[in-house]
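Here the structure comes first, spelled out in structure tokens, and everything after it is commentary.
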Amino acid sequence: MLVRQAWALLVAAAVAVVACSSGEPRPPATAPATPLDALLASTARDRWLDNGIDPWEVWICHVPLDSTVAVYGNLQLRLPLTPEGVAAVLQAHVPAYFDAVSHGAYRPVFSPGGELTMTPAETPESCLAAAAQAARAGTRGVIAVADAEHAMGQPGGFGKAGEPCAQPPCTEQQTGRGAYVGAADFHPLWGDRPPMDLVEHEIGHALGWPHSGVVDGAAQPYQSGIDLMSDSAAPRAVDADRRDGPDTIAVDRLAAGWLVPADVAVVEGAGRTVALWPSTGPTGTRVAVVALDAQTFLTVEVLAASGFDGHLAASGVAVHRVRLAVRPGEARTQQPLVGAPPFTELLTLGRSIVADGWQVVVSSTAGDVWQVAITPSAG
């Protein structure tokens with residue numbers, strides 16, 4: 001979940017600390033040839049969600065002042081939110097983020113739904129479920145927004161991809177796909193530029209993306225500043241004027257179909273030197289993959305310090321260890337391996353890392369092209 005401070009602390013700090021709940025995990029594929037094949041096979045059924053126009057309906061959850069639910073912490077602020085107003089805010093900001101990240105492949109569209117009044121014992125999950133039942137035919141996702149802020153240290157939202165359906169495209173009633181957020185990001189003190197990284201993160205879950213850079217039990221469990229699906233407020237920690245999350249990493253682009261096998265360099269045997277273009281860019285070989293076993297692989301990609309990744313001190317190479325889900329109810333894990341949290345100091349010219357028996361070295365750079373040597377390590 002995305003951890004938010006109470007509103008007063010948000011304004012004082014001018015930086016939100018972000019983390020959030022993973023969505024519904026996708027079950028694994030069966031018996032593919034490589035872990036890359038397994039990733040592509042297990043996510044192929046979601047291509048209809050990840051590409052094209054994605055209609056979302058906005059609902060407001062009115063939280064009673066005497067709510068007994070811990071997430072609301074007996075806080076008394078209630079914002080005068082309406083489905084029309086929130087839908088307009090989301091439509092003004094969020095589609096442009098995903099249009100840029102997907103290079104035009106995916107675009108959510110937000111329209112007003114309705115309003116629900118919760119009982120003192122009702123949870124965010126119950127309000128989202130009620131909104132899902134009341135949504136119009138043809139809606140593919142519901143986003144429920146509470147008119148109450150969340151207590152300090154409580155989760156700020158969640159998103160879920162829902163269940164697969166037999167004959168896509170499918171409605172929200174068929175899948176249970178949706179997202180929920182509290183009121184903090186819609187406070188009028190944000191003016192006409194509210195932060196959208198929380199909503200963008202939850203929509204990422206609705207696309208089937210899991211968290212990355214998670215350390216369970218840590219004070220800030222979502223520790224990666226290089227992926228929308230971890231600390232999505234990382235850009236604002238560097239520049240308080242930023243409102244969007246960072247870009248997303250190559251494995252999620254592969255899962256969404258925004259990168260295809262032709263964009264991937266597979267490294268085997270004695271290794272090879274790969275010419276990589278930025279994984280966030282529109283062309284070229286944008287990720288190298290090294291299989292470790294049937295369920296685990298390394299991804300090697302260049303992140304450019306521009307656009308949604310403009311908070312990075314410098315462009316560089318990121319390495320992630322990806323492990324696919326192997327049991328029902330699990331989600332794949334995606335762990336950054338270069339440096340320490342927030343993992344924003346990437347490999348630059350001459351720098352290297354040894355991980356899982358492989359060495360990754362940046363051997364040269366020329367414009368957007370990075371030559372990266374990926375070879376078995378001696379040790």
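Odds and ends about this structure:
- Number of the exception - Ser364 against (1) crowded, with 21+ Cβ neighbours inside 10 Å; (2) farther than 20 Å from Phe297 by Cα; (3) free of Cβ contacts under 8 Å to residues at least 60 places away in the same chain: (1)
- Residue match in the range 99-114 (condition: surrounded by fewer than 16 Cβ atoms within 10 Å (Cβ to Cβ), within 30 Å of Val289 (Cα to Cα) and modelled with pLDDT under 95): no
- Within the range 115-140, considering residues that are of a type in the set (Ser, Thr, Tyr) and touching a residue at least 24 places away in the same chain (Cβ under 8 Å), the one surrounded by the most Cβ atoms within 10 Å (Cβ to Cβ): Thr139
- Residues in the range 192-218 that are among the small types (Gly, Ala, Ser) and either at pLDDT 95 or above or surrounded by 21 or more Cβ atoms within 10 Å (Cβ to Cβ) (or both): Gly204, Ala206, Gly208, Ser212, Gly213.
- Within the option set Val238, Val214, Val145, Val199, being touching a His at 6+ places or on another chain (Cβ under 7 Å) and touching a residue at least 40 places away in the same chain (Cβ under 8 Å) holds for one residue only, Val238.
- Residue in the range 147-154 that is assigned to a loop (DSSP other than H, G, I, E, B), surrounded by fewer than 24 Cβ atoms within 10 Å (Cβ to Cβ) and in contact with a strand residue (DSSP E or B) (Cβ under 7 Å, 6 or more places away or on another chain) present: yes
- Any hit, the range 215-227, residues being assigned to a helix (DSSP H, G or I) and within 26 Å of Ser363 (Cα to Cα): no
- For beta carbons closer than 7 Å, sequence separation of 6+ or different chains, a first residue in the range 300-314 that is without any contact (Cβ under 8 Å) to a residue 40 or more places away in the chain and a second that is assigned to a loop (DSSP other than H, G, I, E, B) and of a type in the set (Val, Ile, Thr), the qualifying pairs are Ala313/Thr344; Ala314/Thr348.
- In the condition set (1) in a helix (DSSP H, G or I); (2) surrounded by fewer than 23 Cβ atoms within 10 Å (Cβ to Cβ); (3) free of Cβ contacts under 8 Å to residues at least 60 places away in the same chain, Leu189 is compliant with all but (3).
- Screening the candidates Arg236, Arg243 for the property of being modelled with pLDDT of 95 or more, of a type in the set (D, E, K, R), in a loop (DSSP other than H, G, I, E, B) and under 17 Å from the mean Cα position of the chain (by Cα) yields one hit, Arg243.
The values are calculated or read from the model by the stated rules, or taken from the named source; none is laboratory data. Worth saying up front: this structure is predicted, and the values here are computed from it rather than measured. Methodologically, a virtual Cβ is constructed for each residue, glycine included, from the backbone with ideal geometry; neighbour enumeration extends over all protein chains shown.
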